[in-house]
Amino acid sequence: MIAEGSRTMSMQNNVVLGSCTDCLNHECERAGLSASQTKNSKSDYGAQLDTAINNLHKEGRYRTFIDIERQRGQFPHATWRKADGSEAPITVWCGNDYLGMGQHPAVLSAMHEALETTGAGSGGTRNISGTTVWHKKLEAELADLHGKEAALLFTSAYVANDATLSTLPKLFPGLIIYSDALNHASMIEGVRRNGGAKRIFRHNDVAHLRELLAADDPNVPKVIAFESIYSMDGDFGPIKEICDLADEFGALTYIDEVHAVGMYGPRGAGVAERDRLMHRLDIINGTLAKAYGVMGGYIAASAKMCDAVRSYAPGFIFTTSLPPSIAAGAAASVAHLKRDPGLRELHQTKARILKTRLKGLGLPIIDHGSHIVPVIVGHPGHTKKLSDMLLDRFGIYVQPINFPTVPRGTERLRFTPSPVHGVEEMNLLIHAMDELWSSCALNRAVSVA
């Protein structure tokens, strides 16, 4: 959900949309092939694929995956299996298992129990034998988490966003969706595909959103779609202000809490719970693959809303449901984190410490007060080089993040400290960044203002 999904991010308050002016209309990952280059001969397809891949290499943003083997009970430590067959120990600093719940005994125990009881797969779609007691238990946990009547489980948060947003115009004819310019790719895709009207407001710009709402027919159904935390810069969405506008203009609210569930609020329901605003949000999207350490996504909403999406969304109807063991592990993780605020507090403490120490080195980081720790490098080649040297010389694994995930010129390393990153791991990272930043001849004057 990769270098964190295809998001086009801004640098703090400056909206940067790469080469595009409309994040919901652009095709930001073209392979660089013009229509005149396209041929009908099958023999030329391979050459065109070579051109597309070579373009990424030339720009320094070809994505390289490394093979890692997580070690049970040892997260964030893992084993790097190199191409030559050798192995090396590494520390993972870019994982989305924010709290280490993928290794938690309660989660593993629940998964083992479900696996032994039911076997491996679910056996079908939710409608055709794929609804088990484990799926229903998980949906009940999620509905309770967000204080909603119901929840609907999907195979990923990407699918949940795409399927729900593309289905809403079927449920509300004439619907207009107002979408933040920096929404996640899954939201962009859902809005793009739904066949309804859309309006894109500048990132976190409530005044611009008001202008767009005021310009449209007051009798037309409306939905405002936005995020609580934008994962590449770590800034927060103006939830209260958007809810106020929704009330004023009679719009529904749709919030993506993917990078907040499990980590914010008294029970881990997200930023909206922390700010006591959950009751004002109509549809909440979340993931089970980050703070909860397992897999899957969901929406939480009214019983009628979940029933309608369940009944009309192809992305839900025609997809095999999650394995029962996955659902069981996720339910155990959600239940545990409702009762463990100390883990969330420790997570925030580790993030603050890392940001403070990186700032002490004079490195250009973005700090909006969330757990996201981006260090801006500003060049795809330099970012890749720094990532490679951290891995080769220090056993520190952090993946480079380049365009189109972030705008050109804002390439970065995004660190994700967790409660289980200890003093030794932190000291090694700071030492490595201090040494390599200068040796890579990187520009310490990168501006994040």
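The listed residues are Asp244, Asp233, and the only one of them that is assigned to a loop (DSSP other than H, G, I, E, B) and under 21 Å from Arg202 (Cα atoms) turns out to be Asp233. Where residues in region 335-344 are touching a Gly at 6+ places or on another chain (Cβ under 9 Å) and either part of a helix (DSSP H, G or I) or aromatic (Phe, Trp, Tyr) (or both), which of them is surrounded by the fewest Cβ atoms within 10 Å (Cβ to Cβ)? My answer is Pro341. Only a single criterion out of (1) at pLDDT 95 or above; (2) over 20 Å from Leu277 (Cβ atoms); (3) surrounded by fewer than 19 Cβ atoms within 10 Å (Cβ to Cβ) is not satisfied by Leu168, namely (3). Filtering region 199-230 to residues that are open to solvent by less than 60 Å² (accessible area, probe 1.4 Å) and part of a strand (DSSP E or B) leaves Ile200, Phe201, Lys222, Val223, Ile224, Ala225, Phe226, Glu227, Ile229, Tyr230.
Put simply, of Asn161, Asn127, Asn183 the only residue that is in contact with a strand residue (DSSP E or B) (Cβ under 8 Å, 6 or more places away or on another chain) and assigned to a loop (DSSP other than H, G, I, E, B) is Asn183. When residues in region 130-158 are screened for being part of a helix (DSSP H, G or I), in contact with a His (Cβ under 9 Å, 6 or more places away or on another chain) and either surrounded by fewer than 23 Cβ atoms within 10 Å (Cβ to Cβ) or of a type outside the set (Phe, Trp, Tyr) (or both), 1 of them pass. Would it be correct to say that Leu99 is touching a helix residue (DSSP H, G or I) at 6+ places or on another chain (Cβ under 7 Å), at pLDDT 90 or above, closer than 30 Å to Gly315 by Cα and part of a loop (DSSP other than H, G, I, E, B)? Yes: the conditions hold for Leu99. Does Leu17 count as assigned to a loop (DSSP other than H, G, I, E, B), open to solvent by less than 50 Å² (accessible area, probe 1.4 Å), at pLDDT below 85 and more than 22 Å from Ala289 (Cα to Cα)? Against the criterion (assigned to a loop (DSSP other than H, G, I, E, B), open to solvent by less than 50 Å² (accessible area, probe 1.4 Å), at pLDDT below 85 and more than 22 Å from Ala289 (Cα to Cα)), Leu17 qualifies.
Only one of the numbered conditions (1) touching a Gly at 6+ places or on another chain (Cβ under 9 Å); (2) under 22 Å from Glu241 (Cβ atoms) is violated by Ile200, and that is (1).
Among the residues of region 294-309, which ones are open to solvent by less than 20 Å² (accessible area, probe 1.4 Å) and outside any helix (DSSP H, G or I)? Lay out the reasoning, then the answer.
Residues of region 294-309 open to solvent by less than 20 Å² (accessible area, probe 1.4 Å): 296-301, 306, 309.
If the condition is that a residue be open to solvent by less than 20 Å² (accessible area, probe 1.4 Å) and outside any helix (DSSP H, G or I), then Gly296, Gly297, Tyr298, Ile299, Ala300, Ala301 are the ones that fit.
Every condition in (1) farther than 24 Å from His259 by Cα; (2) part of a helix (DSSP H, G or I); (3) open to solvent by less than 60 Å² (accessible area, probe 1.4 Å) is met by Ser122 except one, and the failing one is (2).
Here the condition is being crowded, with 24+ Cβ neighbours inside 10 Å and within 20 Å of Phe226 (Cβ to Cβ); of Ala313, Ala269, Ala332, it holds for Ala269 alone. What do you reckon, is His112 open to solvent by 60 Å² or more (accessible area, probe 1.4 Å), modelled with pLDDT under 95 and touching a helix residue (DSSP H, G or I) at 6+ places or on another chain (Cβ under 9 Å)? So His112 does not fit the description; no. One residue stands out among those in region 52-85 that are in contact with a helix residue (DSSP H, G or I) (Cβ under 8 Å, 6 or more places away or on another chain) and of a type in the set (Gly, Ala, Ser): the one that is most open to solvent (accessible area, probe 1.4 Å), which is Gly73.
For Glu435, the stated conditions hold: it is over 27 Å from the mean Cα position of the chain (by Cα), of a type outside the set (A, V, I, L, M) and either at pLDDT below 95 or surrounded by fewer than 16 Cβ atoms within 10 Å (Cβ to Cβ) (or both). For region 206-223, give me each residue that is aliphatic (A, V, I, L, M) and within 23 Å of Lys170 (Cβ to Cβ). Correct list: Leu212, Leu213, Val220, Val223.
Within region 345-354, the residues that satisfy the criterion of being open to solvent by less than 10 Å² (accessible area, probe 1.4 Å) and out of contact with any Ser or Thr (no Cβ under 7 Å at 6 or more places or on another chain) are Ala351, Leu354.
Here is a yes/no grid of residues against (1) open to solvent by 10 Å² or more (accessible area, probe 1.4 Å); (2) farther than 17 Å from Ala300 by Cα:
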position: Ile242; (1), (2): no, yes
position: Asp247; (1), (2): yes, yes
position: Glu257; (1), (2): no, no
position: His279; (1), (2): yes, no
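Tell me, yes or no, whether region 354-376 has at least one residue that is among the hydrophobic types (A, V, I, L, M, F, W, C), at negative phi and assigned to a helix (DSSP H, G or I). Yes, region 354-376 contains at least one residue that is among the hydrophobic types (A, V, I, L, M, F, W, C), at negative phi and assigned to a helix (DSSP H, G or I). When region 52-86 is filtered for residues that are over 24 Å from the mean Cα position of the chain (by Cα), among the β-branched types (Val, Ile, Thr) and closer than 20 Å to Pro400 by Cβ, only Ile53 remains.
The values are calculated or read from the model by the stated rules, or taken from the named source; none is laboratory data. Since the structure is predicted, the reported quantities are computational estimates derived from the model, not experimental observations. Glycine gets a Cβ as well: all are built from the backbone with ideal geometry, and neighbour counts include every protein chain shown. Surface accessibility is based on the protein's heavy atoms, side chains included, excluding ligands, DNA and RNA. Shrake-Rupley method; radii C 1.70, N 1.55, O 1.52, S 1.80 Å.
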